[in-house]
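Enquirer: Shown below is the structure under consideration.
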Amino acid sequence: SWTLKFCAMEEEFETGDSGASTTVPTQCGNIKKGGHICIKSRPCKVVEITTSKTGKHGHAKAHIIALDIFTGRKMEDICPSSHNVDVPVVNRTDLQLLDITEDGFVSLMNDSGDTKDDLRLPESEVGEQIRKLYNDGKDVLCCVVKAMGEEHILSFKNMTT
């Protein structure tokens, strides 16, 4: 039975390690409001953090409230401030909108002139506003955020004044 437990633990470790290169271990006590943290394997932005001492021999604990950067869902976590937590590596890129296809994909161009055609227009108010500006012939700059293997358009700027 010991062998079975060991195999199960090893397998869990291997599958649980899939996001390692997209995150950085950071001591929980160093997490700040406005920073990022992984909660339930999701990249989140910290909106509130409180620390509390627990008992005579207890360790300080951090209570973290954060929002998923892609879905906006509220997430919470409590961890000892001396323990390590995963912090997602978050990259933001501004890309110029070239086209929106009928099936909702966008064609974007970076500063070097390379195009990116694998992102969908968000199904939200942001997406509706981008489509309206595009249909009105405006130049739109889309802010693409990439974290933990996911990539989404989260905001935009109207470049036509």
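Enquirer: Tell me, what % of the accessible area of the chain is carbon and sulfur with a 1.4 angstrom probe?
Expert: 50
Enquirer: Among all stretches of the chain without exposed GluC sites (Glu not before Pro) (DSSP loop, at most 11 other Cβ atoms within 10 Å), which one is longest?
Expert: In short, 1-101.
Enquirer: Going down the table (LYS40/LYS74; LYS45/LYS146; LYS33/LYS146), which pairs top 18 Å between alpha carbons? Could the numbers behind the result be given before it?
Expert: Details: LYS40/LYS74 11 Å; LYS45/LYS146 13 Å; LYS33/LYS146 20 Å.
Listed pairs above 18 Å: LYS33/LYS146.
Enquirer: Further, regarding this structure: Would you mind calculating the gained length between SER82 and SER112 on full extension (0.36 nm times residue separation, minus the Cα-Cα distance), in nm to one decimal?
Expert: 6.5 nm
Enquirer: While we're on this one: Using label points projected 7 Å from each Cα along Cα→Cβ, tell me how many nm separate SER124 and LYS74, to one decimal.
Expert: Distance between the two pseudo-spin positions: 1.7 nm.
Enquirer: Please calculate how many Å² of accessible area the chain carries per residue, with a 1.4 Å probe and no DNA, RNA or ligand atoms counted.
Expert: Roughly 66 Å² per residue, with all protein chains present.
The values are calculated or read from the model by the stated rules, or taken from the named source; none is laboratory data. A quick note: this is a predicted structure, and the numbers were derived from the prediction, not measured. We place every Cβ from the backbone using ideal geometry, glycine too, and count neighbours over all the protein chains shown. Side chains included, ligands, DNA and RNA excluded: accessible areas come from the protein's heavy atoms. Shrake-Rupley method; radii C 1.70, N 1.55, O 1.52, S 1.80 Å.
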